[in-house]
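The block underneath contains the structure these notes are about, expressed in structure tokens.
The values are calculated or read from the model by the stated rules, or taken from the named source; none is laboratory data. All values derive from a computational prediction rather than experimental measurement. Using ideal geometry, Cβ is built from the backbone for each residue, glycine included, and neighbour counts are taken over all protein chains shown. Heavy atoms of the whole protein, side chains included, go into the accessibility calculation; ligands, DNA and RNA do not. Shrake-Rupley method; radii C 1.70, N 1.55, O 1.52, S 1.80 Å.
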Amino acid sequence: MAKDKLIGVDLGGTTIKFAILTDQGEIQQKWSIKTNILDDGAHIVPDIVESINHHLDLYQLDKERIIGIGMGTPGTVNRETGTVTGAFNLNWKTEQPVKADIEAGTGFTLTIDNDANSAALGEAWKGAGNNDDEVSFITLGTGVGGGLLANGQLIHGTVGAGGEVGHMIVEPDGYLCTCGNRGCLEQYASATGVVHLAQNIAEEYVGSSKLKKMIDNGEEVTSKIVFDLAKQGDFLANKVVDKVAYYLGYATATMSNILNPSAVVIGGGVAAAGEFLRARVEEHWTKFAFPTVRHSTRVKLAELGNDAGVIGAASLARITAQYDYK
């Protein structure tokens, strides 16, 4: 019987997403379960095993057809041992033997990587990357993450810190980052960073602005509110968006000048602002990009939405089946 199915798992702090895909990356079934982080996250891996086995039975899918399982996870992944450390949003306080436990529970080979890397693979394979070997991905959410593909392979670096694009310094001696450095991109282009910028710029702004009134009145302000107000013409909100776009343009141009990908793909919740944000980022990117890069790399929006993680995870399993995963 031909092996022609992949299983993708996207492990998040609130939800675990699953999908069964063809070997060509087409989703055939998908489902999700809540992430149970109680008891130091001890239920997470058993829940994944049980859910996979249950759904294979439910769909009457012969296990002989499964090529393997791929999984994206928060935290630091040791790809050789298949262990995960530092996934604090999962309540995993110690090193977790994820690969060994899932393989023992399902009987399938598991390939595991960081969740941002998995999303990058998904966009590169079936999304905005158009299955190109040279794609850079940046995701703007609560933090800023990324994944960099060169020669068709993810750049991991010596100890797995390759692709930490959120910690590029874009403002020397700027806002203090959770990593301990100052001026990281994450502090300016994440959802929380956008709000921080808005609050700081509002302090010096004396004109009329709904955004300023909200901040001065102590109302809740989110990155979505900032972008929505900017689209409505709010002057202060547009100043904030311009500043965010400047930092993103600077950072993505730096990535582009080093790697010269076919595309820099912007995804994540903040990128839901769409073309309104992308066009402004590209405007700044054009100023900072090396001339040859300017004419060969494109700044694009992610296309897969919430499916990027499971598709990319499935791609991990696909790559492992084809090559040694490096």
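Filtering the stretch 24-40 for residues that are open to solvent by less than 50 Å² (accessible area, probe 1.4 Å), at positive phi and not aromatic (F, W, Y) leaves a non-empty set.
The set of residues in the stretch 261-270 that are out of contact with any Asp or Glu (no Cβ under 7 Å at 6 or more places or on another chain) and either among the polar types (S, T, N, Q) or surrounded by fewer than 20 Cβ atoms within 10 Å (Cβ to Cβ) (or both) contains only G269.
Suppose the filter is free of Cβ contacts under 8 Å to residues at least 24 places away in the same chain and either within 20 Å of the chain's Cα centre (by Cα) or open to solvent by 60 Å² or more (accessible area, probe 1.4 Å) (or both); does R298 pass it? Considered against the rule, which asks whether it is free of Cβ contacts under 8 Å to residues at least 24 places away in the same chain and either within 20 Å of the chain's Cα centre (by Cα) or open to solvent by 60 Å² or more (accessible area, probe 1.4 Å) (or both), R298 comes out as no. Filtered by the rule that a residue be open to solvent by less than 10 Å² (accessible area, probe 1.4 Å), of a type outside the set (V, I, T), closer than 26 Å to A124 by Cβ and in contact (Cβ under 8 Å) with a residue 40 or more places away in the chain, the stretch 228-252 gives Y247, L248, A251. From the list I201, I215, the lone residue that is touching a Lys or Arg at 6+ places or on another chain (Cβ under 9 Å), assigned to a helix (DSSP H, G or I), under 24 Å from A237 (Cα atoms) and not basic (K, R) is I201.
Among what's in the stretch 281-295 and is out of contact with any strand residue (DSSP E or B) (no Cβ under 8 Å at 6 or more places or on another chain) and more than 13 Å from M255 (Cα to Cα), pick the residue that is surrounded by the most Cβ atoms within 10 Å (Cβ to Cβ).
Top of the filtered list is H284.
Of all residues in the stretch 168-198, those satisfying the criterion of being in contact (Cβ under 8 Å) with a residue 40 or more places away in the chain, closer than 23 Å to F235 by Cα and within 19 Å of the chain's Cα centre (by Cα) are Y188, A189, S190, A191, T192, G193, V194. For S315, the conditions (1) open to solvent by 50 Å² or more (accessible area, probe 1.4 Å); (2) within 30 Å of I67 (Cα to Cα) are fulfilled apart from (1).
Residue-by-condition table, conditions (1) modelled with pLDDT of 95 or more; (2) β-branched (V, I, T):
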position	(1), (2)
S223	yes, no
V226	yes, yes
L236	yes, no
A245	yes, no
I258	yes, yes
A273	no, no
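No other residue among G183, G163 is at positive phi, in contact with a strand residue (DSSP E or B) (Cβ under 6 Å, 6 or more places away or on another chain), open to solvent by less than 50 Å² (accessible area, probe 1.4 Å) and modelled with pLDDT of 95 or more apart from G183. Looking across the stretch 85-101, the residues that are open to solvent by less than 70 Å² (accessible area, probe 1.4 Å), within 15 Å of P46 (Cα to Cα) and not in a loop (DSSP other than H, G, I, E, B) come down to L90, Q96, V98, K99, A100.
Taking the stretch 111-136 as the range and being open to solvent by less than 20 Å² (accessible area, probe 1.4 Å) and part of a helix (DSSP H, G or I) as the test, the residues that pass are A116, N117, S118, A119, A120, L121, G122, E123, A124.
Taking the stretch 187-198, which residues are open to solvent by less than 40 Å² (accessible area, probe 1.4 Å) and assigned to a helix (DSSP H, G or I)? Explain how you work it out, then say what you get.
Within the stretch 187-198, the subset open to solvent by less than 40 Å² (accessible area, probe 1.4 Å) is 187-191, 193-195, 197-198.
If the condition is that a residue be open to solvent by less than 40 Å² (accessible area, probe 1.4 Å) and assigned to a helix (DSSP H, G or I), then Q187, Y188, A189, A191, G193, V194, V195, L197, A198 are the ones that fit.
For the stretch 145-159, how many residues are open to solvent by 40 Å² or more (accessible area, probe 1.4 Å) and outside any strand (DSSP E or B)? Even if it seems obvious, please write down each step before you answer.
Here is the first cut: in the stretch 145-159, the ones open to solvent by 40 Å² or more (accessible area, probe 1.4 Å) are 151, 153, 155, 157-159.
Remaining after also requiring outside any strand (DSSP E or B): 151, 155, 157-159.
Adding up the residues that qualify gives 5.
Would you check if R278 is open to solvent by less than 50 Å² (accessible area, probe 1.4 Å) and within 21 Å of L121 (Cα to Cα)? So R278 fits the description; yes. The residues in the stretch 218-260 that are aliphatic (A, V, I, L, M) and outside any helix (DSSP H, G or I) can be counted, and the count is 1.
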